[in-house]
Amino acid sequence: MLRWKYSRPLLVAVTLIFALLPFIGNNPVTNPGLQQTMAVAFLYGALALTYDLLFGFTGLLSFGHALYFASGIYVTAILINTYNWNFYLAVLAAIIFTSILAALTGAASLRTTGITFAMVTLAFGQAGHVIITRDFGGLTHGDNGLPINADRIPSFFIGVVNTKFLYLLALGILVFIYLAAWWITESSAGRVFAALRDNEQRVSVLGLNPNRFKLLSFVLSAALAAFIGAGMLVVSGGGSPRFASSETTIALLLMVILGGPVTRWGAVLGGILYSVLGTRLNSLSQGSTFDSLPTFIKGPLSEPAFTLGMIFILIVMFAPGGISGAYYRARFKYLNKGK
Amino acid sequence: MSTFLLILITGVGLGALYFLVASGLSLIYGLMGVLNFAHGSFLTIGAFTGLWVSTKVFPNPTTWTFIAAMIAGGIAAGLFALVMEQLVINRLYNRHIDQALVTVGVALVVAAVLGGWFGNDLRLLPTPLWFMKAVTIGDAIIPIDRFIYIGVAAILLTAMLSILKFTRIGLIIRAGVENRSMVSALGINVRLAFSTVFFIGGFAAGVGGVLISVFSYGVSPGMAGSWLIYGFIVVVVGGMGSLTGSAIAAMLIGITNQFANYYVTGLGDFVVVFILAAVLLTKPSGLLGKVSH
């Protein structure tokens, strides 16, 4: 955790540099293509942080988090497209709807614990995915995706020239989610979340109802995910069933493990790295980088999932704590040198 | 009446396939507390091995070559499960969350390797011609493949129950599901039971993979996705660690799924999640479940 004095100014400085990059001189981030990639990466960084709130801070291994992200995307899009709602009102309604959905599904899932909880949330997430792909009532347009009606979103987000505003929007959402997660985890409820993760029995002995706090954590992270979903709707220009798939939740899990849970910045870094890496590995595999290798190695290497999966297995087995964990271990060693 | 019979038997056939996926998941979870996301990979490996046997080894599909394909698929998946257990799961002894996470990684890598080697397209698995036929019961015309799924699942269920009931290793597995620490405290080698359960679970999933490629007309690296999720649901509904529970839940879910889909297309998946929620609200340990880790 970022306790030392220079870490907060450092975070502010990094954010400012990223915010100014699209406007200064001749650097790669002035390119709209990269701005788009970075905007998506920022949103996944924020989403990974909301997942970390659940998985890292509260110790709830959920496999259905994508449902609430997708609910934020689709409810906003449907309200705007079909019912002609005002954009900001639609976002607010999507967040409220998602919170209620999370409260209902969360209350049912929390009757189980541990691994069973993971399976049950997976089933609920899958039901959401099915609802979106099957296109009940003609609202979601199934596998075709649901492009957003461009007339209804603020005009400064439209067009390639304005990609830098999408970039700033995503960065702004990331900062907001970071501050929200900070506030939640440092609040007294956040302390109970951590206590639940470490020793649930002890929490109930102290007279607190564990399930009530777990549900609070579940609903909070879902509401934040819905908010990020509304941002993703604007940045990616529409909804797509893949946002609701279990692969998305698994990707979130990979991001948090890669960056390291329970450190806030770890999850964000993991999300950004994973997202950028996914895009980069894709373009590497389409190029001729691996041409000199024999076919039976080249095939798997050209699949990004292979590299990511291997990294994931190695981190879980040999480097628990991911990037931020390794950093804190190194720092601990450095500070204790000579003692 | 004829439609009713057709839907019922199709539902039981589907349930048989669910059972093949869920049985291993249930045993592995019941004994070791491992949520195995790589179970879908066992299924896919079985299917690809079956495809290899029935195209490269025996190019002319007959009943016997299909049986050979099923057994080869089962053994390949079982061996893979064994290797995974030895190399990965064993090293994370008792770290349940990490074990679940690492199986997610294995599932990703297996799908990527198979995709890299064979491409991500759907490949047809050749079957003997009589698989396409239908039988007439009363006035109902029922495709014959349903009976194959049911028959194979029934044989495997009987075999697994007999192993659990009549062999020494089966006794250890049953005792381990009840109380693992007590079994090891008595000086019995539980590790051997772990490996057995992984092999058996992998075998059932591998055979299931070959049959699923017949059911869904093809083999592809991503074929396991929704089957694995249905497997999880069956395990939760039936109760962790109970084979009979899995079998009953698989039938229940297969049949309801088919009937719901008959009335409204796509409703089936929804009803299944509804059953899951109902079971969790009334009996969180599942229909026949006792253990909780």
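Of all the listed residues (B:Gly286, B:Gly241), the sole one being modelled with pLDDT under 85, within 11 Å of chain A (Cβ to nearest Cβ), crowded, with 20+ Cβ neighbours inside 10 Å and touching a Ser or Thr at 6+ places or on another chain (Cβ under 9 Å) is B:Gly286.
If the condition is being over 14 Å from A:Asn84 (Cα atoms) and in a loop (DSSP other than H, G, I, E, B), then region A:141-153 contributes A:His141, A:Gly145.
If you go through region A:298-327 and pick out every residue that is within 7 Å of chain B (Cβ to nearest Cβ) and modelled with pLDDT of 85 or more, you end up with 7.
For region B:139-156, the criterion of being outside any loop (DSSP other than H, G, I, E, B) and over 30 Å from B:Thr44 (Cα atoms) is met by at least one residue.
In the set B:Phe199, B:Phe232, only one residue is under 24 Å from A:Gly114 (Cα atoms) and of a type outside the set (Gly, Ala, Ser); that residue is B:Phe232. In this structure, A:Arg134 qualifies as basic (Lys, Arg), more than 24 Å from A:Ser275 (Cα to Cα) and within 14 Å of chain B (Cβ to nearest Cβ). Total residues in region B:99-128 satisfying the condition of being surrounded by fewer than 18 Cβ atoms within 10 Å (Cβ to Cβ), assigned to a helix (DSSP H, G or I) and without any contact (Cβ under 8 Å) to a residue 40 or more places away in the chain: the figure is 1.
From the residues in region B:265-283 that are in a loop (DSSP other than H, G, I, E, B) and closer than 21 Å to B:Trp227 by Cα, which one is farthest from the other protein chains (Cβ to nearest Cβ)?
The extreme case among them is B:Thr265.
Within the group B:Leu17, B:Leu35, which residue is in contact with a helix residue (DSSP H, G or I) (Cβ under 7 Å, 6 or more places away or on another chain), in contact (Cβ under 8 Å) with a residue 12 or more places away in the chain and within 14 Å of another protein chain (Cβ to nearest Cβ)? Outline the logic, then answer.
Working: B:Leu17 fails: within 14 Å of another protein chain (Cβ to nearest Cβ).
The unique qualifying residue is B:Leu35.
The residue list A:Val175, A:Val203 contains one member that is away from chain B (no Cβ under 14 Å) and within 15 Å of the chain's Cα centre (by Cα), which is A:Val175.
Quick one: in region A:129-140, of everything that is touching a residue at least 12 places away in the same chain (Cβ under 8 Å) and part of a loop (DSSP other than H, G, I, E, B), which residue is nearest to A:Ser240 (Cα to Cα)? Step through it out loud before you land on a result.
Kept after step one, since they are touching a residue at least 12 places away in the same chain (Cβ under 8 Å), are these residues of region A:129-140: A:129, A:132-133, A:139-140.
Checking the rest, the ones that are also part of a loop (DSSP other than H, G, I, E, B) come to A:139-140.
On the way: A:Leu139: 12, A:Thr140: 9 Å.
Among residues in region A:129-140 that are touching a residue at least 12 places away in the same chain (Cβ under 8 Å) and part of a loop (DSSP other than H, G, I, E, B), the one nearest to A:Ser240 (Cα to Cα) is A:Thr140.
Determine, yes or no, whether A:Leu220 is closer than 22 Å to B:Val113 by Cβ and either touching a Phe, Trp or Tyr at 6+ places or on another chain (Cβ under 7 Å) or in contact (Cβ under 8 Å) with a residue 60 or more places away in the chain (or both). So A:Leu220 fails the test. The set of residues in region A:12-30 that are aliphatic (A, V, I, L, M) and either on the phi > 0 side of the Ramachandran plot or assigned to a helix (DSSP H, G or I) (or both) comprises A:Val12, A:Ala13, A:Val14, A:Leu16, A:Ile17, A:Ala19, A:Leu20, A:Leu21, A:Val29.
The values are calculated or read from the model by the stated rules, or taken from the named source; none is laboratory data. Here the structure is a predicted model, which is why all the values come from computation and not from measurement. Positions of Cβ are generated from backbone atoms using ideal geometry, with glycine treated the same way; all protein chains shown enter the neighbour counts.
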